[in-house]
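Remarks on the structure that follows.
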C-alpha cells in the first residue's frame, strides 16, 4: 500500500538552524499519529512540510508517491488539510462563511460554491458538532467551539489526511476530552490524522502511533506504549533526574483517568 | 460526543440564502431618488414634479432650466456618484488586502499618489492623451499604484500589516506626496489654471466636469468594479491570513497584485474628478459591514451603490448648505470621517496596534 505522505531523507533549515534532519517517515491511511517533543523540536515544521506550505531544504516529501513540489497547492489542499494553531480573523465572519473557505481549493476563479460544496460544508459542521453554531460569529466563539470550527474548515476540504497543530491548546480539560472524542470519530471515518500534542497524557488509547521529535536527535517512532515511557521522555524533554517521580506520576494518573 | 441530529427540509445552501437580494435594488432606488432631489436643489430651484415628468417624457422645462440641469447639475451629480462608488469600492479592496478596516485610499496614501501623478500631468506635461485617456488620468493611476506599492512594502512585515505600521507609512507617504504636489506648484510659471486645479484637488472639490471626462471615469469605474468581482471571494480567503490562504490554494501574490492594480484604477478614477476626498472609503464599507457582515462578495455591489449615494448627498449638502458659497465636499467628509476614523481606531483592540 502506498503511503499517503512519505518523508524521504527530509531536512529543513530556518536560517542557519537545522530543525528537521534526515527524516524518514510514512503516514498511511487510517493511521492516527501524535507528534510529541519539546518546544522548538520542529513539530509544526513537520506538519507544514506535510501540508506543502514549506518546501524541504533537502530530501523529498511526497503525497501518494508524487513529489509535493511538483503539485499545485490547490491539488495538495484537496487531499491534505492543515489546521493551524492560531487563526486571526480581522472581520466578523460567521462559522459557515469561515468553513466555506475550506472549499477554496475546489472553486473555479469565477464560480461560487454550489451543491457539492454545501454538502461538504454541512457534513464537516455536523461531524464537528458546529452545525448549530453556523450563524454565530467565529470570533465570538469559546475556545472549544472555535477549535471545532477550525477543524470543520479542514474537513470541508474533504481531506484524506488531517494535520492538527496543537489541537488541545487553550482548551479546558472537558473540552480536551471532547477533542479526543472528535479525533477518534474522524479516525473511524477513515481520515488519517497527524496531530502535534503537548499533553502526553491524552495520547494513549486514541493515537495508534507516536512520533517523538527532539532537537539534534533522529525522530523516534513507535506505539504509545513504546514511546511514552519515563526513561524515553526524560531524555527527549531534558528533564532533571530528580523530577522523574513527577513525570511518572503525571503519566500514570492521567492514563488511569482516560482508561 | 453528543451530536445534534439535523433534519432540515431542503438542501443546505450555506450563507447564500441569507444574502438579502433586496438590498442592491433598494439602494439603486434610493440613488435614483437622490439624483432627482439633488437635481432640483441649488440656486435655481426646479420642482420635483417637473423633473419626474421630464423623466417620463412629458417634459415642460424652460430653456434655462434645461441648461442648468444638463450642463451644470447633472454632470456634477454623475461625478459625485462615480467618485463615491470608486472610493468606497477601493476602500473595501484595500481593507481586504491589508486585513484591516482602517485602510482607506486617503489614509494609506493612494489618493495622495494619484494627486501627485495628476499634478505632474498638469504642471510639467503638455496636454495629450493615450488611447482616449488623458495623460493626467494615466499619471494619476501611476501615482496611486506607486504610492500603494510603497506603503504596502513599508508596512508589510512577515505576512502581516500591523495597524501602526500601516497608518505611519500611509501618513508619511501621503504627506510627502501632497507636499511634492505643492512643490510642483511653485515650479509652475503660468500661475493660472494649474494652481487652481491643484488647490481644488487638495481640498477635495468635485469640479464641474465635462461629459467626455465623465465617460472616461465611468469606463475606469466599470473596469475597476468588473475586476473586483473575482477578487471579492479571494479577499474572504485572504482574511484568514496569508499562510493559511496559501495552504488553501489561493495564489496570494496574484491576488495582492490584482487588488493593488484594481484599487489604483478606482482611486485614480475618484481623484481625477474629486481630488483628495478623505474617509469615504472607510465609512461606507464599515457601515455596510455592520449590516451585511464581512463577506466581500456580498459587500462589493452594496458598497459601490452606497458610496455613490453617500457622496451624492454629501456633495449636494456641500454645494447648497452655505449658498451662494460652496464647501469642498472633502471638507465635509473629513469633518464627518475624522471622528469616525478615531472612533474605529479607539475600538481596535490594543493588541492589534502592536
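The values are calculated or read from the model by the stated rules, or taken from the named source; none is laboratory data. All of these numbers come straight from a predicted model, not from anything done at the bench. Note: ideal-geometry Cβ built from the backbone for every residue, glycine included; neighbour counts use all protein chains shown.
Before we move on, is residue A:41 in contact with a helix residue (DSSP H, G or I) (Cβ under 9 Å, 6 or more places away or on another chain), in contact (Cβ under 8 Å) with a residue 60 or more places away in the chain and away from chain B (no Cβ under 12 Å)? When the stated conditions are applied, residue A:41 passes them. Looking at residue A:59 and the list (1) in contact with a helix residue (DSSP H, G or I) (Cβ under 6 Å, 6 or more places away or on another chain); (2) more than 24 Å from residue A:150 (Cβ to Cβ), which single condition is not satisfied? Here residue A:59 clears every test but (1).
Applying the condition of being over 21 Å from residue B:308 (Cβ atoms) and outside any helix (DSSP H, G or I) to segment B:210-259 and asking which residue is farthest from the other protein chains (Cβ to nearest Cβ) yields B:251.
All of (1) surrounded by 24 or more Cβ atoms within 10 Å (Cβ to Cβ); (2) touching a residue at least 40 places away in the same chain (Cβ under 8 Å); (3) assigned to a loop (DSSP other than H, G, I, E, B) hold for residue B:323 with one exception: (1).
Evaluate the following for residue B:264: is it in a helix (DSSP H, G or I), under 15 Å from residue B:107 (Cα atoms), touching a helix residue (DSSP H, G or I) at 6+ places or on another chain (Cβ under 6 Å) and modelled with pLDDT of 90 or more? Yes: the conditions hold for residue B:264.
Might you let me know whether segment B:90-102 holds any residue that is touching a helix residue (DSSP H, G or I) at 6+ places or on another chain (Cβ under 9 Å), part of a loop (DSSP other than H, G, I, E, B), in contact (Cβ under 8 Å) with a residue 24 or more places away in the chain and closer than 16 Å to residue B:333 by Cβ? Steps first, answer last, please.
Of the residues in segment B:90-102, the ones touching a helix residue (DSSP H, G or I) at 6+ places or on another chain (Cβ under 9 Å) are B:90-102.
Within this subset, residues satisfying the condition of being part of a loop (DSSP other than H, G, I, E, B) are B:99-102.
Narrowing further to those that are in contact (Cβ under 8 Å) with a residue 24 or more places away in the chain: B:99-102.
Imposing the further condition that a residue be closer than 16 Å to residue B:333 by Cβ reduces the set to B:102.
Looking for residues that are touching a helix residue (DSSP H, G or I) at 6+ places or on another chain (Cβ under 9 Å), part of a loop (DSSP other than H, G, I, E, B), in contact (Cβ under 8 Å) with a residue 24 or more places away in the chain and closer than 16 Å to residue B:333 by Cβ, one finds at least one in segment B:90-102, hence yes.
Inside segment B:12-42, can you point out the residues that are at pLDDT below 75 and farther than 30 Å from residue A:93 by Cα? Residues satisfying the conditions do not exist here.
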